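A.B. asks: Take a look at the following structure, please.
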Amino acid sequence: MVKNLEDIYYKEAKRRGLRSRSAFKLLEISKKFSIIKKGDIVLDLGAAPGGWLQIARMLTGENGKVIGVDISPIEPLPYENIFIIRKDVRDPSLIEDIRKISGGEVDVILSDLAPKFSGFHHLDHMRQILLVRSALSIAFSLLKKEGNMVIKIIMGSELNELLKEINR
């Protein structure tokens with residue numbers, strides 16, 4: 001059943017010209033919580049292959065800015081207000097690169113950061129926790145006071161501790 005549902009989303013994403021079926025997750029989140037508005041500056045961490053960039057651009061419109069960051073290459077998208085930075089989120093120079101494009105702070109940060117998966121759930125979870133902490137560090141530097149952040153994370157033993165840190 002789950003595989004069939006995944007296939008449906010995959011086929012629908014392809015039909016709509018979306019780069020990933022996870023684009024539907026961002027659409028659903030945005031409909032429920034209105035996290036991205038017209039004219040927003042959106043930072044997408046872990047942006048490859050670009051499905052969330054496409055949805056963020058659709059939601060911000062032509063007056064917003066969408067900045068995608070990934071260590072992996074991202075095929076350019078045909079919009080002047082989508083910017084791609086190919087860099088590791090742990091690179092200290094990344095924040096300045098983002099500021100140059102954004103003009104300062106951002107309204108929304110999306111994080112779909114994922115490590116190279118080993119197949120060992122606990123190890124993969126711990127590696128992702130480290131990436132999420134990098135995303136949070138970026139958020140402390142760049143996210144506007146009333147900004148929004150969406151973090152996709154693997155469930156695991158460190159999740160509750162991470163949530164406590166976030167809520168402090």
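A.B. asks: Which residue is nearest to Lys65 (Cα to Cα), if the candidates are limited to the range 1-34 and must be in contact with a helix residue (DSSP H, G or I) (Cβ under 7 Å, 6 or more places away or on another chain) and either among the hydroxyl-bearing types (Ser, Thr, Tyr) or modelled with pLDDT of 95 or more (or both)?
C.D. replies: Residue satisfying both the conditions and the ranking: Ser30.
A.B. asks: Quick one: is Asp124 buried (at least 17 other Cβ atoms within 10 Å of the Cβ), closer than 22 Å to Arg57 by Cα and among the charged types (D, E, K, R)?
C.D. replies: No: the conditions fail for Asp124.
A.B. asks: Here's a follow-up. Checking the structure you have, find out if any residue of the range 68-78 is within 18 Å of Gly147 (Cβ to Cβ) and at pLDDT 95 or above.
C.D. replies: Checked the range 68-78: at least one residue is within 18 Å of Gly147 (Cβ to Cβ) and at pLDDT 95 or above.
A.B. asks: Which of (1) closer than 11 Å to Leu45 by Cα; (2) free of Cβ contacts under 8 Å to residues at least 12 places away in the same chain; (3) of a type in the set (A, V, I, L, M) is the odd one out, the single condition Leu110 does not satisfy?
C.D. replies: Every listed condition holds for Leu110 apart from (2).
A.B. asks: Yes or no: Leu94 without any contact (Cβ under 8 Å) to a residue 60 or more places away in the chain, farther than 23 Å from Lys37 by Cβ, surrounded by 13 or more Cβ atoms within 10 Å (Cβ to Cβ) and not acidic (Asp, Glu)?
C.D. replies: Yes; evaluated as a whole, the condition is true for this residue.
A.B. asks: Here is a list: Ile151, Ile166. Which entry is buried (at least 18 other Cβ atoms within 10 Å of the Cβ) and among the aliphatic types (A, V, I, L, M)?
C.D. replies: Selected residue: Ile151, the only one of Ile151, Ile166 that is buried (at least 18 other Cβ atoms within 10 Å of the Cβ) and among the aliphatic types (A, V, I, L, M).
A.B. asks: Ok, one more. Can you tell me how many residues within the range 76-89 are loosely packed, with under 14 Cβ neighbours inside 10 Å and within 16 Å of the chain's Cα centre (by Cα)?
C.D. replies: Of the residues in the range 76-89, 2 are loosely packed, with under 14 Cβ neighbours inside 10 Å and within 16 Å of the chain's Cα centre (by Cα).
A.B. asks: Go through Ile95, Ile109, Ile138 for me and flag whichever is over 26 Å from Leu27 (Cβ atoms), modelled with pLDDT of 95 or more and β-branched (Val, Ile, Thr).
C.D. replies: Ile95
A.B. asks: Grab the helices (runs of 4 or more DSSP H) fully contained in the range 20-114, keeping just those with 2 or more residues being in contact with a Lys or Arg (Cβ under 9 Å, 6 or more places away or on another chain) and within 22 Å of Met155 (Cα to Cα).
C.D. replies: 23-33
A.B. asks: Name the one entry in Gly46, Gly51 that is at pLDDT below 95, closer than 26 Å to Ser137 by Cβ, surrounded by 13 or more Cβ atoms within 10 Å (Cβ to Cβ) and of a type in the set (Gly, Ala, Ser).
C.D. replies: Gly51
The values are calculated or read from the model by the stated rules, or taken from the named source; none is laboratory data. Not measured: the values here are computed from a predicted model. Note that we place each Cβ from the backbone using ideal geometry, even for glycine, and neighbour counts take in every protein chain shown.
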